[in-house]
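Enquirer: My questions all concern the structure below.
Read-outs: derived from the displayed coordinates by stated rules, not from any lab. What you see is a predicted model; the values in this text were computed from it and never measured. Using ideal geometry, Cβ is built from the backbone for each residue, glycine included, and neighbour counts are taken over all protein chains shown.
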C-alpha cells in the first residue's frame with residue numbers, strides 16, 4: 001500500500017492539476033474562461049463552450065505529456081484525494097456511521113490503499129477536468145475517473161552482504177514483478193464508473209495504452225446491497241440520486257418516474273411545452289415533499305425553481321398558440337400565432353397610456369400620429385419616417401398634424417413639412433422627439449426587439465386592409481388599436497371579471513364622447529374587425545374577429 005494512516009509525513013502530497021471552464025462576461029455572449037490550477041498556466045478566453053471544451057482537452061493532454069516525460073506517477077506520493085479529505089468520492093459504506101448525521105467523515109475514517117496511480121476525472125457537464133496522483137482505492141471510488149498509469153512499487157532495501165566482496169545468490173523466480181505491474185510505458189485507461197460519460201476526459205489517453213489494465217480495485221457501490229426480494233428500484237433526477245430508503249415509498253417512485261420522464265422528453269424530436277409545464281409542476285410538488293421529508297434546504301430551492309420554470313413554460317405556450325396551458329381549456333378555443341407575446345402586449349398598453357397622457361393636443365389625428373411616432377423613437381428619441389408612412393396614417397390631415405406637433409415643440413424635423421411628405425423609402429427623414437431623448441427621464445423599459453414588434457403591431461392595426469378600404473378615420477383606427485390591445489386569448493374584449501371595456505376609458509383614449517363609442521364600434525363590425533359590439537351598462541362588450549386575433553393583446 002502506497003498510502004497508510006500514520007505514515008503520511010513520510011510522503012510528498014500527490015500532485016493535482018485542475019482545469020475549469022467558467023462563464024465569462026455577459027451570459028448572452030456565451031464566452032467562457034479556461035483556467036488551470038497551475039500558476040504558470042495563464043487564463044484563456046474562448047468564444048463559446050464548444051471551443052472551450054476543445055481547448056480544455058488539449059490543455060489536459062499537454063500536462064499529461066509533461067507528466068509522462070517526467071516519469072509518470074511517483075511511487076512515494078501521498079494520495080491527493082486523501083489530502084482533500086476524500087471529497088472527490090463517497091466514503092466506503094463499511095466506514096460510515098450507523099446514524100447519518102450529514103457531516104463529512106474524518107480523513108482517518110476513509111481507507112486508502114493500493115499503488116499510486118495517475119487518474120483523470122471529467123465531470124459529465126464538461127466544465128471540470130482533474131489530473132491527480134491518488135491511491136488506487138480512491139481512484140476506483142471516484143465516478144467518471146480514468147486510471148492512466150500505475151506507479152511501480154518503491155524499491156525494497158537489499159540486505160548487505162555478510163562479508164566484503166561476498167556475492168548474494170538468488171533462486172530463480174525468487175524476485176518477481178508484482179502481479180499486474182506494467183512497464184514505464186503505462187497502463188490501459190480504465191474507468192472506475194462503468195456507465196458511459198458524454199464528455200471524453202482526454203483525447204490523448206490512448207498514448208498511455210499498454211498490454212493490460214492497471215491493477216486497481218473495483219468501484220464500490222454507493223448504496224448498501226439488499227437481499228433478494230428486498231431490491232428496490234433506484235433512479236436519478238436533476239443530477240440527484242433518489243435514496244433507496246426514502247420514505248414514503250410513493251414519493252420515491254414519483255421522483256424516479258419523473259427522472260425517467262424528463263430524460264424521455266429530452267429525446268423528443270419536437271418540443272411540447274404543455275407536457276414540459278406539467279412535468280415541471282410535478283417536479284415542484286415532488287421536490288417540496290422531498291425537502292419536507294429530509295429537511296434539505298437545497299431541495300426546497302429546487303422546488304421553487306421548478307415552479308418558476310413551469311410558469312415560464314406556460315407563458316411560452318400561451319404566447320405561441322394563443323391559449324393557456326390548463327386542464328379545463330376548451331377545445332374550440334382558437335389556436336393562432338400571436339404577433340406579440342404577453343409581455344410585449346403589456347408594454348404596448350403602457351405606450352397607449354403614455355400617449356394618452358402626453359399628446360400635445362387631444363384631437364384623434366394628433367394622438368394617432370403621436371402614437372406611431374413615439375413607437376419609432378421610443379428608445380433613443382429619434383427615428384425615420386417617409387411621406388408614404390404619413391399619408392397612410394393620415395390620408396388628408398398629415399401636413400396639418402405635423403405643423404401642429406412642430407409648433408407645440410413635441411416634434412423636430414431637419415427640413416420643412418413639405419420635404420418630409422416628399423421623402424421616399426430610400427431616403428427617409430430623420431425626426432426627433434425631445435421628450436424621449438436619453439437625457440430625459442425615460443418612460444419605457446423595453447428593448448429594441450420589443451420596440452420593433454410593438455411598432456409593427458400598431459402599423460398593422462392602423463393600416464388594416466379592410467379598415468383602409470372602408471376609409472375609416474383616425475378615431476375609428478384608435479378604437480381598433482385599443483380593442484386589439486385589451487383582448488383576452490379567446491378574442492373577448494376586456495378582463496374576464498369586467499366582461500368588457502369601460503366606455504369612459506375608451507372615450508378618453510380615442511378623444512370622443514362616450515356616447516359616440518357605439519357608432520365607431522359598429523364601423524369596426526362592418527370592417528370585420530369585431531364580430532359583435534354592445535355598449536350596454538357603460539361597457540363595450542364584443543369579440544375580436546378571427547382575422548384580427550393575431551393582433552390580440554393576451555390579457
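Enquirer: Pop the C-beta distance of residue 300 and residue 452 into the FRET formula with R0 = 41 Å and round what comes out to the nearest 0.05.
Expert: Computed FRET efficiency for residue 300 and residue 452 comes out at 0.50.
Enquirer: While we're looking at this one, here's another question. Classify the range 404-472 as rounded, prolate or oblate from the Cα gyration tensor: take a ≥ b ≥ c as the square roots of its eigenvalues, call it rounded if a/c is under 1.5, otherwise prolate when a/b beats b/c and oblate if not. Before the final figure, lay out the partial values.
Expert: Values: a/c = 1.83, a/b = 1.15, b/c = 1.60.
Oblate is the answer for the range 404-472, as a/c is 1.5 or above yet b/c matches or exceeds a/b.
Enquirer: Something else: If the chain between residue 293 and residue 380 were fully stretched, how many nm would it gain, using 0.36 nm times the residue separation less the Cα-Cα distance?
Expert: Full-extension gain reported as 25.9 nm.
Enquirer: A further question on this structure: Could you sort 359-372, 506-519, 268-281 so that the peptide with the highest average Cβ count within 10 Å comes first and the rest follow in order?
Expert: 359-372, 506-519, 268-281
Enquirer: Place a point 7 Å from the Cα of residue 507 along the Cα-to-Cβ direction; which residues of the range 516-540 have their backbone N under 20 Å from it?
Expert: 516-524, 533-540
Enquirer: Next up: Cβ neighbours within 10 Å, averaged per peptide: list 537-549, 237-249 in order, most packed at the top.
Expert: Put in order of decreasing packing, that is 537-549, 237-249.
Enquirer: Then there is this: Which log10 I(q)/I(0) values does the range 236-321 give at q = 0.17 Å⁻¹ under the Debye formula, counting every alpha carbon as one identical point scatterer?
Expert: -0.69
Enquirer: Under the Kirkwood approximation applied to all pairs of distinct alpha-carbon atoms, what is the hydrodynamic radius of the range 30-94 in Å?
Expert: Evaluated over the range 30-94, this radius sits at 14.6 Å.
Enquirer: Please report, in Å, the Rg and the Dmax of the range 342-551, where both are computed over Cα atoms only.
Expert: 16.8, 51
Enquirer: Order these by the 10 Å Cβ neighbour count, fewest first: 89, 347.
Expert: Ordered by Cβ neighbours within 10 Å, fewest first: 347, 89.
Enquirer: Using mean Cβ contacts within 10 Å as the protection proxy, how do 29-42, 252-265 order, highest first? Before the final figure, lay out the partial values.
Expert: Numbers: 29-42: 14.5, 252-265: 16.9.
Final packing ranking: 252-265, 29-42.
Enquirer: Something else: Between residue 257 and residue 470, how many nm apart are label points set 7 Å from Cα along the C-beta direction?
Expert: 5.4
Enquirer: Classify the range 489-555 from the C-alpha gyration tensor, please: rounded if a/c falls under 1.5, else prolate or oblate depending on whether a/b exceeds b/c.
Expert: Numbers: a/c = 1.76, a/b = 1.26, b/c = 1.39.
The shape class here is oblate.
Enquirer: Could you calculate the FRET efficiency of residue 357 with residue 12 from 1/(1 + (r/R0)^6), where r is the beta carbon distance between them and R0 is 56 Å, rounded to 0.05?
Expert: Working: r = 75 Å, r/R0 = 1.35.
E between residue 357 and residue 12, to the nearest 0.05, is 0.15.
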